[in-house]
1. Could you please report the charge total around I119, scoring K, R as +1 and D, E as -1 over all other residues with beta-carbon less than 11 angstrom from its beta-carbon?
2. Taking the Cα-to-Cβ direction at F73 and at Y128 and moving 7 Å from each Cα, how far apart do the two end points lie in nm?
3. Show me the trypsin sites (Lys or Arg not before Pro) within the stretch 83-192 that DSSP assigns to loop and that have at most 11 other Cβ atoms within 10 Å of their Cβ.
4. Between H177 and V48, 0.36 nm times their residue separation minus their Cα-Cα distance comes to what?
Amino acid sequence: MRRTKDEKEEMTPRKAVPAPAGTSVLREYAEALIIAVLLALVIRTFVVQAFKIPSGSMLPTLQIGDHILVNKFIYDFEPVRRGEIIVFKFPQDESRDFVKRVIGLPGETLEIRGRQVLINGAPLEEPYAVYSDGPFAQTLEQEHLGPLVIPPGKLFMMGDNRDHSMDSRVWGLLDMHKIKGKAFIVYFSLRSDDIPYASAVPSLIFVATHPSIIRWGRLGALVH
């Protein structure tokens, strides 16, 4: 049986035309970039997030210009403990993030008498707390707060730099749902007040040409 010319052409296997080499490379780079961005978003949303310390409310534990990493999922597996340093949404303005230390836990009775914090009537040992002759020092000397029973789902937060910290003494208890995570390491630190520029590019150039403003000894320091 004789086949027509069209039938012979249909039965003849056709060779695949390879994509241009340049297009293939660009596609691979684009796919790698998309995957990297997606992974970064997932990590930032659910695992670890970076924050910068802008004020001295946690001195000397955290310095102005410290860059810290925060574990965002740890409290899905374990409870919040007293003494831990956490980052949370500021209750009075949730567009801002605050970092403070956990002092009072749900169900506890907290009282402050001057510079002494009492939990369930017993003095709390606080080797991290510092006091100075700051603008609130005289007021804090005579401060008396409580006794206050902390309700379920709430925390009492304080900064280590007690005379320079706006914390639960000012804005009240923290709702635990506003917690972003637990601070665990300083990954970078520099004396940011020494940088004479506000914009990013000149600041980066200044740091690169003035490495002495980097606090090399704080890199990798654990937060506790």
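Since every read-out is calculated from the coordinates, none of them should be taken as a lab result. The structure displayed is predicted, hence computed values, not measured ones. Using ideal geometry, Cβ is built from the backbone for each residue, glycine included, and neighbour counts are taken over all protein chains shown.
1. Around I119, the charge tally is -3.
2. 2.4 nm
3. Numbers: sites: K89, R96, K100, R101, R113, R115, K154, R162, R169, K178, K180, K182, R191; in loops: R96, R115, R191.
Those that pass, being in a loop and sparsely packed, are R96.
4. On the way: separation 129, 0.36 × 129 = 46.44 nm, distance 1.73 nm.
Full extension from H177 to V48 adds 44.7 nm.
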